[in-house]
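K.L.:
Could you have a look at this structure, given as structure tokens, before my questions?
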Amino acid sequence: MPIADAPRPDDAPEAFRPIDALCVGETMAVLTPVTGGPLTAGSELGIAAGGAESNVACGLARLGHRAAWLSRVGDDPLGRIVTGAVAAHGVDVSAVRTDTEGRPTGLYVKDPRPGASGVHYYRSGSAASAMGPGLADTPPVAHARVIHLSGITPALSPGCSALVDRLLDRGPGGARVSFDVNHRPALWPAADAAPVLLGLARRADVVFVGRDEAESLWGTGSADAVRALLPDVALLVVKDADTGATCYGGDRGTTFVPAPAATVVEATGAGDAFAAGFLSGLLDRRPPRDSLRLGHILAAAALRATTDVAVPPPRADRDAMLAADEETWPRMRLPAAGA
């Protein structure tokens, strides 16, 4: 599915130049033990930023795309840290609103454990939960080629749900909408989330969903079964962990690309990195195979990092991996991270 350039009025100011992707959703401050041990060890905590949608924006920006993030943060130090951290990746944060009614920036704390990390959220009543459909009138929305959303946002509040609904209701000729199902059981149980997320996904142009995630939500046992539930989505990407990912739609019909070998340090952010890689390929009008490979490459970079936004390998190494033949690709390992 090609993505057309967004129209630009001749008198559009520089700040409203067309952007490749506008990512909308909450980003929180993240506290993580610097030693990598459990919270109960009482080690020093490092502070960073993490949010599904801004992670995608950061990944796209690091790949050279003009990406913007739209959200709300508190009028507090954490809000300034979060906004600065996202901007440091090259993301346009000029549309981020600062709450003036005392709502705080959301926070989550990682609790590293062998094989996985526990996460403790402190986001109830956050500034981002006060987002509403009025944000859809923010100028960047009208100048984006792609608007990226996730299933996290509608679970935050009725206003956030209305915002997602409004963005999905863009008129003909508007931005293409990308939707990552991204079900968070801590926010809403599967029984409540399943019908809402299915309805939202059916209205998007590009959908990302994990095969196991779809099974827990909708009882689907295979990627083909997910496609049967979402037959009209122009591009549906079903990710199956370290097995690979399947893209339905586009000019190639159905495309499966196995996941390359990857070192797993922490899984947080890998799904967002995959979405950034795939959307990068889409924005550059690459074929589905290359878009899926880019998704795998960025996901592998995220898997081996402790931060939510990983540094992609250098352009030359990415190009070499994209050019690999079908036999060589599954055996490839990610080169060393680069700028």
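K.L.:
Which of the residues spanning the range 24-49 are buried (at least 24 other Cβ atoms within 10 Å of the Cβ) and of a type in the set (Gly, Ala, Ser)?
P.N.:
Within the range 24-49, GLY25, ALA29, ALA49 meet the criteria.
K.L.:
May I ask you to verify whether LEU230 is more than 19 Å from the chain's Cα centre (by Cα) and either surrounded by fewer than 21 Cβ atoms within 10 Å (Cβ to Cβ) or of a type in the set (A, V, I, L, M) (or both)?
P.N.:
So LEU230 passes the test.
K.L.:
Quick check on ARG72: is it buried (at least 17 other Cβ atoms within 10 Å of the Cβ) and among the basic types (Lys, Arg)? Please lay out each step first, then the result.
P.N.:
Values: buried (at least 17 other Cβ atoms within 10 Å of the Cβ): yes; among the basic types (Lys, Arg): yes.
The answer is yes for ARG72.
K.L.:
Let me ask something additional. Being more than 22 Å from MET321 (Cβ to Cβ), of a type in the set (A, V, I, L, M, F, W, C) and at pLDDT 95 or above, is that true of even one residue in the range 236-255?
P.N.:
yes
K.L.:
What are the residues in the range 155-177 that are surrounded by fewer than 24 Cβ atoms within 10 Å (Cβ to Cβ) and either in a helix (DSSP H, G or I) or touching a Phe, Trp or Tyr at 6+ places or on another chain (Cβ under 6 Å) (or both), if any?
P.N.:
ALA155, PRO158, GLY159, SER161, ALA162, ASP165, ARG166, LEU168
K.L.:
Within the range 126-141, can one find any residue that is assigned to a strand (DSSP E or B) and in contact (Cβ under 8 Å) with a residue 40 or more places away in the chain? Full working, then the answer.
P.N.:
At the first step, the residues of the range 126-141 found to be assigned to a strand (DSSP E or B) are none.
No, every residue in the range 126-141 fails to be assigned to a strand (DSSP E or B) and in contact (Cβ under 8 Å) with a residue 40 or more places away in the chain.
K.L.:
Within the range 261-291, which residues are assigned to a loop (DSSP other than H, G, I, E, B), at pLDDT 85 or above and not acidic (Asp, Glu)?
P.N.:
Here is the first cut: in the range 261-291, the ones assigned to a loop (DSSP other than H, G, I, E, B) are 262-269, 284-287.
Those still in the list that are at pLDDT 85 or above too: 284-287.
Selection gives ARG285, ARG286, PRO287.
K.L.:
Okay, moving on. Looking only at the range 115-137, which residues are under 30 Å from ARG304 (Cβ atoms) and either touching a helix residue (DSSP H, G or I) at 6+ places or on another chain (Cβ under 9 Å) or among the aliphatic types (A, V, I, L, M) (or both)?
P.N.:
Hits for the range 115-137 are ALA116, GLY118, VAL119, HIS120, ARG123, ALA128.
K.L.:
In the range 203-248, which residues are free of Cβ contacts under 8 Å to residues at least 12 places away in the same chain and either assigned to a helix (DSSP H, G or I) or small (Gly, Ala, Ser) (or both)? Even if it seems obvious, please write down each step before you answer.
P.N.:
Looking only at the range 203-248, we keep the residues that are free of Cβ contacts under 8 Å to residues at least 12 places away in the same chain, and these are 215, 219-222, 224-225, 228, 231.
Scanning the range 203-248 gives GLU215, GLY219, GLY221, SER222, ASP224, ALA225, ALA228.
K.L.:
Being surrounded by fewer than 24 Cβ atoms within 10 Å (Cβ to Cβ) and under 20 Å from ARG66 (Cα atoms) is the filter here, so list the residues in the range 298-311 that pass it. Give the steps one after another, and end with the answer.
P.N.:
The initial filter retains those residues of the range 298-311 that are surrounded by fewer than 24 Cβ atoms within 10 Å (Cβ to Cβ), namely 303-307, 311.
Correct list: VAL311 only.
K.L.:
Taking the range 89-125, which residues are among the hydroxyl-bearing types (Ser, Thr, Tyr), assigned to a loop (DSSP other than H, G, I, E, B), more than 15 Å from ILE47 (Cα to Cα) and touching a residue at least 60 places away in the same chain (Cβ under 8 Å)? Can you show your working first?
P.N.:
In the first step, residues of the range 89-125 are kept if they are among the hydroxyl-bearing types (Ser, Thr, Tyr); the result is 94, 98, 100, 105, 108, 117, 121-122, 124.
Cutting the leftovers down to assigned to a loop (DSSP other than H, G, I, E, B) gives us 94, 100, 105, 124.
Those left that are additionally more than 15 Å from ILE47 (Cα to Cα): 94, 100, 124.
The answer is SER94, and nothing else.
K.L.:
Additional query: How many residues are in a loop (DSSP other than H, G, I, E, B) and surrounded by 15 or more Cβ atoms within 10 Å (Cβ to Cβ) if we restrict to the range 312-323? It would help to see each step written out before you state the result.
P.N.:
Step one: list which residues in the range 312-323 are in a loop (DSSP other than H, G, I, E, B), which gives 312-314.
Then drop every residue that is not surrounded by 15 or more Cβ atoms within 10 Å (Cβ to Cβ), which leaves 312-313.
Residues that pass the stated criteria total 2.
K.L.:
For the range 136-157, how many residues are at pLDDT 95 or above and either under 22 Å from GLY74 (Cβ atoms) or of a type in the set (A, V, I, L, M, F, W, C) (or both)?
P.N.:
10
The values are calculated or read from the model by the stated rules, or taken from the named source; none is laboratory data. These figures come from a predicted structure and were not determined experimentally. Neighbour counts are summed over all protein chains in view; Cβ atoms, including those assigned to glycine, are modelled from backbone coordinates with ideal geometry.
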